[in-house]
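All remarks here apply to the structure that follows.
Bear in mind these aren't lab numbers, they're just calculated from the coordinates by the rules spelled out. Note that the structure is a prediction, hence the values are computed from the model and not measured. Cβ placement follows ideal geometry from the backbone for every residue including glycine, while neighbour counts extend to all protein chains displayed.
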Amino acid sequence: MLRKNVIRRTLAAAAVLAVTAGCTAQAAVSDRPGDPKAATSASAASVAEATGTPSGAGEATPSKRPGEKPSPSATTAPEVLMASGSKSEKVRELQARLAQIGWFDDTPTGTYGPVTVASVKGFQGKRGLPATGDTDTVTWQKLLGMTKKPTSDELKGKTVNKPAAKLDARCMMGRVLCISKTTRTLSWVVDGTVRSTMDVRFGSQYTPTREGSFTVFQKSRDHVSTIYHTSMPYAMFFSGGQAVHYSSDFAARGYNGASHGCVNVRDKGAISSLFAQVHNGDKVVIYW
């Protein structure tokens, strides 16, 4: 009787070992034939069985505990809705909305070009967003919350709400062409009162428009550049060959182009009126 009990206990123990070995082998099976990790995973699985530790601990990222915030790498990046090269009515709306808050001062075209990229970057940077120049879902929602649906005139560029330029202190006395590079505007100021304001464009980084305080020393109604052989109507020279004048290129291309150092005006009617009012000796102040 005693011997039978010993045999039974021995057979039961063998059965337990066989079942355990079978579970371990199943856990170690790889879905890739000849996987070199199979041998080591069998050992890991058996330890896991014995200790209750998940198999592969220390190799895979642990599952998130309840209430634990996901790591930054686990968060989903915002979807890009519009970017350089995009062409659509949604891009036109983007440009018109940026214009409402002073970040786009060109005519909405529906084409996502360098001017739009620069405008979006400025808008993003001002609000602590990654300044990528792409309009992603976060940027778009932020813009929607700060603007209203553009009107037909705004979509056509007929109504642009540009921020007023902060006048330099040197512009507050006398007759001054007060030119801000920050807002890209020229304000005609007489004794501290702004008489008119118009859009202007400056030179490129290779032919920059000089900054400082100057005076108008020559006016030329139908001037033609002797260097570039281009028309410079209503030219008012203030520093060497640099002048304030009308630019048909600015009128056609907007801020996609640049001058050779002059201050370009794109509104022909506005510069014509200004030319009639400005005298030689009037001050010109160019500042950021």
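When Thr193, Thr111, Thr116 are ordered from fewest to most other Cβ atoms inside 10 Å of their Cβ, what list results? Please report the intermediate quantities before stating the final value.
Working: Thr193 8, Thr111 16, Thr116 26.
Lowest count first: Thr193, Thr111, Thr116.
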Going out from 0 in 10 Å bins, what whole percent of all Cα-Cα distances in region 169-287 drops into each bin? 14, 53, 30, 3
Per-residue HN-Hα couplings for region 217-227 [Karplus 6.51, -1.76, 1.60; θ = phi - 60°; Hz; x = Gly/Pro]: 10, 7, 10, 9, 4, 10, 6, 10, 5, 7, 8
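Here is the link list: Lys87/Lys181; Lys90/Lys148; Lys90/Lys121; Lys90/Lys156. Which ones come out longer than 20 Å on Cα distance?
Working: Lys87/Lys181 29 Å; Lys90/Lys148 14 Å; Lys90/Lys121 18 Å; Lys90/Lys156 13 Å.
Result: Lys87/Lys181 exceed 20 Å.
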